[in-house]
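Student: Handing you this structure, nothing more for now.
Derivation of every value follows stated rules applied to the coordinates shown; laboratory data play no part. Small disclaimer: the values here were computed from a predicted structure and weren't measured.
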Amino acid sequence: MNEAIGMLEALGELLANGVLAWGLAACGVAQLSKLVIELVLHRRWRPAVLVETGGMPSSHSALMTGTAAGLGWELGFADPLFALAAVLCFVVLYDASGVRRAAGLTAQRVNRLPDGLWDTQAGDGDSGAEPVLRPLKENLGHTRTEVLVGSLMGPLVALPGLALLGSPWQIALQAGWLPLG
């Protein structure tokens, strides 16, 4: 019985964490906007963009900046925890437009190499089968514009959400969805 109560308390604490909820909401809005952009610009319905990396806008950037801004809002922008969140945010933003983007560009070049350039012998266990060569994933990172738009989207979703609506727990209480008072 104590374990069940402990799990309910942990769930309540998660639902009361508005910073986490609104950071995730910013990430979700960024991912959903990829689907809208795909519909408007490319005139195609491709729900796969909801789970793909890369593209406009960067949902990682939205997640990190929304969460960092939320921490600053809740704890104060002079709080050391906000400083840590901001530094981690900068690392993720740099990584998205630098390291991951470079890996994607490298994959693009490797995929353009001619077939038969390297030995494609089957593994030891299956000497008769031809190996399947699949192209490398190219859309790994983001352009600076994609990172910028995602990083602006984060606080634009998270801060009004925190300031006007609060945490999911507070929203549920105000809506009367919980039998608590």
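Student: In sequence order, what are the phi-derived ³J(HN,Hα) couplings for the range 81-88 according to the Karplus relation 6.51 cos²θ - 1.76 cosθ + 1.60 with θ = phi - 60°, rounded to whole Hz, with x for glycine and proline?
Tutor: 5, 5, 4, 4, 4, 5, 5, 4
Student: Something else about it: Among rounded, prolate and oblate, which fits the range 1-89 when a ≥ b ≥ c are the square roots of the eigenvalues of its C-alpha gyration tensor, a/c under 1.5 means rounded, and a/b larger than b/c means prolate?
Tutor: Oblate, since a/c reaches 1.5 and b/c is not below a/b.
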